[in-house]
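Let me begin by presenting the structure, written as structure tokens, before commenting on it.
Since every read-out is calculated from the coordinates, none of them should be taken as a lab result. Not measured: the values here are computed from a predicted model. With ideal geometry, Cβ positions are generated from the backbone for all residues, glycine too; neighbour counts draw on all protein chains shown.
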């Protein structure tokens, strides 16, 4: 039985053997093939890649067979490939896009399908809506006819790593003689991030580079809890930094030299400051509506501005393509920079953090304190995930439609509906409530000048949301 193919902020994701089935992969791929042929009727070509998840190769072959039936040339990655490497290969080969089988940081029971266009970035909403509509019209798709002809295989690694050499100052990292530990979390970063360092003579130890479709039972998310093995290795090696990538290596996880997990929001602020300082790009940055305003403070310090986007890296990718920003990032640990792919790149982020430590000869905590002092205040963001019933979600969404002059006893300075509802208060603190586009969650984001205050705002907002649960029962 087929299910509705629905793309979220980063592709279509579902539980394997539940909604993510071979029948639905055939359906989604057929819809993508029709979409691509509507744009290029002569000789469309798509790259097909995958991460290290269960049945990744089998889903890849199924998609390739469907593309062949639709007369779409398929270039199949010969091994698990990071999402940013696939994005780079799209641009290098000038093809019509890529189908990437990945559920990114989601738990092991999930699989996903991400479609990227010829610009290398995640497909925009108008594209995914077209694909969804075509899938709905197609209905159930029969298996492709048996064909033993081999598919064209490609290896995107060398060309991608060559590009990173042009973006990162590896000489500074090597000359500083810093010691580094990397963690691939059994995902696609293995053989990419660690190889980038070792190829340039950097002292690196690589963890969890083998394939484990269960991801140690915890999933390939670069969360503080999942990076405990990395923390132990950083402390044992007395390394300058611990660097991790998630399942498809589009997100980064960073540990300071003392093993402290660094918030992605803080890393984004530090990297924006460092990139403007070292590359001389006195240009705006871009961040999602859920991301820390630390980037805004850095922009003011340099006399530039910040573009605020809905959640979803495709919106930041557009600004990269238009060369309007020095870098863009999301609080969920995604970033890219000028001159690179319009897609999240956790490998690049990790390399830039290593370069920043090498050049500044200071720990990340020291650099963050200095940045707070330079911009005149501190920024401490907080995110809370709520598992709610559909009834409570609906009730909360309806309550958020109100115009708030005050909220939680605080005067509302501005109200933003870019994605969910964001309320900024008079003291510069803020809270955002929105539904996740990749998981069945409602998220609360809060930020204030102290961690205690941001936690208080998040706690009080959660209590406000739970009032919806009580109302939904009555």
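Peptides 179-189, 402-412: what's the order by average Cβ count within 10 Å, highest mean first? Walk me through the intermediate numbers first.
Working: 179-189: 28.1, 402-412: 12.1.
Final packing ranking: 179-189, 402-412.
Report the antiparallel proportion of the DSSP beta bridges in the chain as a percent, rounded to a multiple of 5. Mind showing how you got there, number by number?
Details: 43 of 72 bridges.
So the antiparallel bridges amount to about 60 percent of the total.
If we count other beta carbons within 10 Å of each Cβ, what is the order of 430, 261, fewest first? Spell out each step's value before the answer.
Numbers: 430 24, 261 20.
The fewest-first ordering by Cβ neighbours comes to 261, 430.
To make sure I understand, if each residue's beta carbon is the centre and we count other beta carbons within 10 Å, what order do 435, 46 fall in, fewest to most?
On the way: 435 18, 46 25.
Lowest to highest Cβ neighbour count: 435, 46.
Translational diffusion coefficient, Stokes-Einstein: compute it for region 280-397 using the Kirkwood radius over C-alpha pairs as Rh, at 4 °C and 1.567 mPa s, and state it as an integer in µm² s⁻¹. Don't jump to the answer; show the numbers that get you there.
Details: Rh = 15.8 Å.
For the chosen part, D equals 82 µm²/s.
Would you compute, from DSSP H runs of 4+ residues alone, the mean residue ellipticity of the chain at 222 nm, taking -39500 (n - 2.57) per run and dividing by the full residue count, rounded to the nearest 500? Kindly include the intermediate steps, with their values, before the conclusion.
Working: 15 runs with 184 residues, N = 474.
So the helix-based figure for the chain works out to -12000 deg cm²/dmol.
Quick one: order 212, 273, 256 by neighbouring beta-carbon count within 10 Å, fewest to most.
On the way: 212 14, 273 24, 256 21.
Ascending number of Cβ neighbours within 10 Å: 212, 256, 273.
Please give the Cα centre distance for region 75-128 versus region 149-189, rounded to the nearest Å.
That distance is 18 Å.
Multiplying the sequence separation of residue 225 and residue 165 by 0.36 nm and subtracting their Cα-Cα distance, what value in nm do you get?
Stretched out fully, the residue 225 to residue 165 stretch lengthens by 18.5 nm.
Taking R0 as 25 Å, what's the FRET efficiency between residue 94 and residue 199 from their Cβ-Cβ distance, rounded to 0.05?
Values: r = 27 Å, r/R0 = 1.07.
So the FRET efficiency works out to roughly 0.40.
Compare the peptides 129-138, 351-360, 320-329 by average per-residue count of other Cβ atoms within 10 angstrom and give them in order, highest first.
Numbers: 129-138: 16.7, 351-360: 22.9, 320-329: 21.1.
Order by mean packing, descending: 351-360, 320-329, 129-138.
Among the DSSP beta bridges whose two residues both lie in region 40-142, what percent are antiparallel, rounded to the nearest 5?
The antiparallel fraction comes to roughly 40 percent.
So what is the relative contact order for the chain, in percent, with contacts set as C-alpha pairs under 8 Å and at least six apart? Don't jump to the answer; show the numbers that get you there.
On the way: 984 pairs, mean separation 61.6, N = 474.
Worked out over the chain, it gives 13 percent.
Where the centre of each part is set by its Cα atoms, how far does region 411-444 sit from region 1-70, in angstrom?
33 Å
Taking just the alpha-carbon atoms of the chain, what radius of gyration and Dmax come out, in angstrom?
Considering the chain through its Cα atoms, Rg and Dmax are 22.1, 68 Å.
So how long is each side of region 159-375 along the principal axes, counting just the alpha-carbon atoms, biggest first, in Å?
If we take the Cα atoms of region 159-375, the spans are 43, 34, 33 Å.
Extension gain residue 54-residue 212, at 0.36 nm per residue separation less the Cα-Cα distance, in nm?
Values: separation 158, 0.36 × 158 = 56.88 nm, distance 0.88 nm.
Gain in length upon complete extension: 56.0 nm.
So for the pair residue 109, residue 455, with labels modelled 7 Å out along Cα→Cβ, what separation do we get in nm?
It is 3.1 nm.
If I stretch the segment between residue 145 and residue 436 completely, what's the gain in nm (0.36 nm per residue apart, minus their alpha carbon distance), one decimal? Don't skip to the answer; put the middle values down first.
On the way: separation 291, 0.36 × 291 = 104.76 nm, distance 3.82 nm.
Gain on stretching residue 145 to residue 436: 100.9 nm.
Taking the Cα centre of each part, how many Å lie between region 320-384 and region 205-262?
After rounding, the separation between the Cα centres reads 18 Å.
Between residue 323 and residue 359, what's the calculated FRET efficiency when r is the beta-carbon distance and R0 is 22 Å? Round to 0.05. If you can, show how the numbers build up before the last one.
Numbers: r = 25 Å, r/R0 = 1.12.
Efficiency for this residue pair is about 0.35.
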